[in-house]
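What follows is one structure encoded as structure tokens, with my remarks underneath.
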Amino acid sequence: MRSDPADYQLVAPTSLQAVISLLAEEPGAWLPIAGGTDVMVQYAAGKLPTRKLVSIWNLPELRHIHFSPDEVRIGAGCTYTDLREHETVKREFPLLVSAAGWTGGIANQNRGTLGGNIVNASPAADSLPALLAYEADLILISVRGERRLPYLEFHTGYKQTKLAPDELVQAICLPRRFSDYFSYTRKVGARNAQAISKVCIGALGRMAGGVVQEARIALGSVAPVPLRLVQTEGIVKGKPVGASLLALARKTAAAEIRPIDDIRSTVRYRSAVAGNLVAEFLEKLSLGGTKI
Amino acid sequence: MTASVENRVPSELSLTVNGERKTVRVYPMERLLDTLRHHLGLTGAKEGCGEGECGSCSVLMNGTLVNSCLIPVLQARDADIVTIEGLAAGTQLDALQEAFLDFGGAQCGICTPGMILAAAHLLNKRPEPTMEDIREGLSGNLCRCTGYIQIFEAVAEAARRRATT
């Protein structure tokens with residue numbers, strides 16, 4: 001059932017302060033809308049949970065990319081195109097830039113925002129494994145102030161997050177210390193553009209003395225939340241990559257993920273592909289493979 | 001809250017469409033696509049899927065390719081919109097439109113306005129695109145007639161013609 005615009009309110013304050021004041025007045029009543037690539041789809045289908053929307057599109061406080069010596073701070077309102085076109089982001093955060101290029105088509109990349117992807121909280125979102133691999137922090141803001149939260153803790157269940165009803169995601173902070181790590185990312189889906197992943201991976205690693213010194217492995221579409229494979233990372237650490245490690249990594253990864261059967265894929269396929277992706281990452285890492 | 005009540009009634013909003021300043025009386029959550037088609041009579045942008053998958057409603061907003069079905073018109077306030085109707089200069093077709101005609105890039109025509117605007121956006125960013133650039137630039141626009149090859153060739157030819165004129 002199509003929505004009637006006469007039934008909906010939309011306001012567009014011109015400052016972040018005005019937006020968070022509005023959210024604080026009636027916590028949970030107002031739905032922020034940035035580029036609309038998720039919200040307008042729900043609206044068209046008559047499935048929005050609220051009839052009061054507040055536009056945060058193009059607010060200057062949310063659309064900036066700032067580098068300090070240790071980290072980059074990306075405003076939550078930055079679009080995928082903003083990320084893809086930023087030279088330093090491209091050089092230092094290839095996992096994020098690759099995922100941004102797989103999200104939707106160009107028109108969606110021009111409007112979809114990183115903050116929106118995080119708050120929409122789809123376990124199939126392409127850019128979220130990259131944020132887990134890079135150990136992102138989120139800056140959340142409300143009239144009560146700012147707080148900084150490790151992104152790893154943000155998703156608490158399917159489409160459930162730690163965002164309070166009066167809060168907005170203001171920025172995403174990524175440490176710069178992974179810039180010389182080997183990085184590996186791959187989307188397995190029906191087609192790159194406009195298709196939601198069956199499984200996707202973002203992973204970082206470093207070899208030293210013939211063994212895996214460190215690994216960061218995150219997967220999408222294999223659990224109710226974007227998932228970092230902490231146990232798999234742990235068992236590969238300090239070991240040389242060979243047939244026995246690959247078998248152990250596959251087994252550990254299979255035990256960590258919780259895939260489901262849905263319209264896009266099956267538990268069996270997702271489990272097999274997740275294991276293959278983890279193994280491919282480790283093999284390429286051990287070969288000192290070319291960076292993506 | 002008084003501000004909320006005001007936003008439930010249609011209000012006047014101005015935007016520039018194909019170079020002309022227009023003022024419309026609309027609900028703020030009306031989709032830009034509906035404003036263009038129903039208030040301004042510009043039916044070049046089509047509604048295909050209505051959820052940002054097919055690209056048939058593509059327009060340029062402040063020079064950027066967008067799906068007009070996903071834009072609440074309030075977010076287009078004071079924006080500069082270009083639709084397919086604004087691409088030709090009078091009766092002089094744009095190089096892309098000429099190339100689509102010459103290469104059979106349009107069959108049923110539903111996807112064509114969006115394809116041409118996506119291509120215009122691509123050529124503005126990359127005047128000399130590779131075939132891979134063209135495929136990626138049009139990857140958000142679906143066509144069920146041509147099989148895409150004629151469209152890709154038309155865009156490549158338009159880029160060549162633009163470079164030599």
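Taking amide hydrogens as modeled 1.01 Å from N in the peptide plane, which residues meet the under 5 Å criterion relative to A:Ala171, leaving out close sequence neighbours?
Here the answer is A:Ala76, A:Ile139, since their amide H atoms fall under 5 Å of that of A:Ala171.
Quick one: 3J(HN,Hα) in Hz for the range A:42-52, Karplus 6.51/-1.76/1.60 with θ = phi - 60°, rounded, Gly and Pro as x.
Those phi angles translate into 5, 4, 4, 8, x, 10, 6, x, 9, 10, 10 Hz.
Hey, what number do you get for the protein assembly as shown at 222 nm if only DSSP H runs of n ≥ 4 count, each worth -39500 (n - 2.57), divided across all residues, to the nearest 500? Before the final figure, lay out the partial values.
On the way: 16 runs with 147 residues, N = 457.
Mean residue ellipticity at 222 nm (helix-derived): -9000 deg cm²/dmol.
Need one number: convex hull volume per residue for chain B, Cα atoms only, in Å³.
113
Enter the angle in degrees (range 0 to 90, nearest 10) between the Cα long axis of helix A:267-286 and the first principal axis of the Cα atoms of chain A, meaning the one along which they spread out most.
60
Set the Förster radius R0 to 25 Å, insert the Cβ-Cβ distance between A:Glu283 and A:Ile260 as r into 1/(1 + (r/R0)^6), and round the FRET efficiency to 0.05.
Plugging the Cβ-Cβ distance into 1/(1 + (r/R0)^6) gives 0.35.
Per-residue HN-Hα couplings for the range B:17-24, Karplus 6.51 cos²θ - 1.76 cosθ + 1.60 at θ = phi - 60°, whole Hz, x for Gly and Pro?
The phi angles translate into 10, 6, x, 10, 6, 10, 10, 10 Hz.
Check B:Asn18: other-chain or 5+ apart residues with amide H under 5 Å from its amide H, H built from backbone geometry?
B:Ile81, B:Val82, B:Thr83
Compute the normalised compactness of the protein assembly as shown: alpha-carbon radius of gyration over 2.2 N^0.38 Å, N being the residue count.
So the Cα radius of gyration is 1.02 times the expected 2.2 N^0.38 Å.
Would you mind calculating the relative contact order of the range A:182-286 from Cα pairs under 8 angstrom and at least 6 residues apart, reporting the percent as a whole number?
With pairs under 8 Å counted, the relative contact order is 25 percent.
So which aspartates and glutamates can A:Lys159 reach, going by Cα to Cα under 14 Å and dropping same-chain residues fewer than 8 places off?
Within reach: A:Asp38.
Rounded, prolate or oblate: which one fits the range A:166-225, using the alpha carbon gyration tensor with axes a ≥ b ≥ c (rounded when a/c is under 1.5, else prolate when a/b beats b/c, else oblate)?
Oblate, since a/c reaches 1.5 and b/c is not below a/b.
How do B:Cys111, B:Cys57 rank when sorted from fewest to most other Cβ atoms within 10 Å of their own Cβ?
Starting with the residue having the fewest Cβ neighbours, the order is B:Cys111, B:Cys57.
Need one word for the range B:8-91: rounded, prolate or oblate. Basis is the Cα gyration tensor (sqrt eigenvalues a ≥ b ≥ c); a/c below 1.5 gives rounded, then a/b vs b/c decides. All intermediate terms of the calculation are to be shown ahead of the outcome.
Numbers: a/c = 1.68, a/b = 1.12, b/c = 1.50.
Taking the square roots of the gyration eigenvalues as a ≥ b ≥ c, the range B:8-91 is oblate.
Convex hull over the Cα atoms of the range A:76-212, averaged projected area in nm²?
The orientation-averaged projected area of the Cα hull of the range A:76-212 comes to 9.1 nm².
Quick one: Kirkwood hydrodynamic radius for the range A:182-286, alpha-carbon pairs, angstrom, one decimal?
It is 13.7 Å.
Kindly state, to the nearest 0.05, the FRET efficiency for B:Glu47 paired with B:Arg160, given R0 = 22 Å and r defined as their beta-carbon distance.
With a Förster radius of 22 Å, E is 0.10.
Please rank A:Thr266, B:Thr165, B:Thr112, fewest neighbouring Cβ atoms within 10 Å first, as an exposure proxy.
B:Thr165, A:Thr266, B:Thr112
Taking R0 as 25 Å, what FRET efficiency do you get between A:Leu149 and A:Ala272 from their Cβ-Cβ distance, rounded to the nearest 0.05?
Numbers: r = 34 Å, r/R0 = 1.36.
Computed FRET efficiency for A:Leu149 and A:Ala272: 0.15.
Would you kindly derive the ³J(HN,Hα) couplings of the range A:154-161 from the backbone phi angles with the Karplus curve 6.51 cos²θ - 1.76 cosθ + 1.60 (θ = phi - 60°), listing them in order in whole Hz, with x for Gly and Pro?
Computed from phi, the couplings for the range A:154-161 are 6, 8, 10, x, 4, 6, 10, 9 Hz.
For B:His39, A:His155, A:His66, what ranking results if the residue with the fewest other Cβ atoms within 10 Å of its Cβ goes first?
A:His66, B:His39, A:His155
If you keep only loop residues by DSSP, which trypsin sites (Lys or Arg not before Pro) in the range A:24-99 have at most 11 other Cβ atoms within 10 Å of their Cβ?
A:Lys47
Pairing the Cα long axis of helix A:243-256 with the longest principal axis of chain A, what angle in degrees results, from 0 to 90 and rounded to the nearest 10?
Between helix and principal axis, roughly 30 degrees.
Over 30 Å between C-alpha atoms is what I'm after, so list which of A:Lys47/A:Lys251; A:Lys284/B:Lys125; A:Lys90/B:Lys22; A:Lys90/A:Lys284; A:Lys162/B:Lys46; A:Lys47/A:Lys90 land there.
Working: A:Lys47/A:Lys251 40 Å; A:Lys284/B:Lys125 34 Å; A:Lys90/B:Lys22 39 Å; A:Lys90/A:Lys284 21 Å; A:Lys162/B:Lys46 39 Å; A:Lys47/A:Lys90 36 Å.
Those over the limit are A:Lys47/A:Lys251; A:Lys284/B:Lys125; A:Lys90/B:Lys22; A:Lys162/B:Lys46; A:Lys47/A:Lys90.
Collect residues whose amide H, placed 1.01 Å from N in the peptide plane, falls under 5 Å from the amide H of A:Thr161; neighbours closer than 5 in sequence don't count.
Amide H neighbours of A:Thr161: A:Thr156.
Please check which bits of the range A:249-279 a label hung off A:Ala243 would reach, taking the label as a point 7 Å along Cα-to-C-beta and the cut-off as backbone N under 19 Å.
Residues passing the 19 Å test: A:249-252, A:276, A:279.
Here, each number is a calculation from the coordinates, and none is a lab measurement. Remember, it's a predicted structure, so these values are computed and weren't measured experimentally. Neighbour counts run over all protein chains shown; Cβ positions are idealised from the backbone, glycine included.
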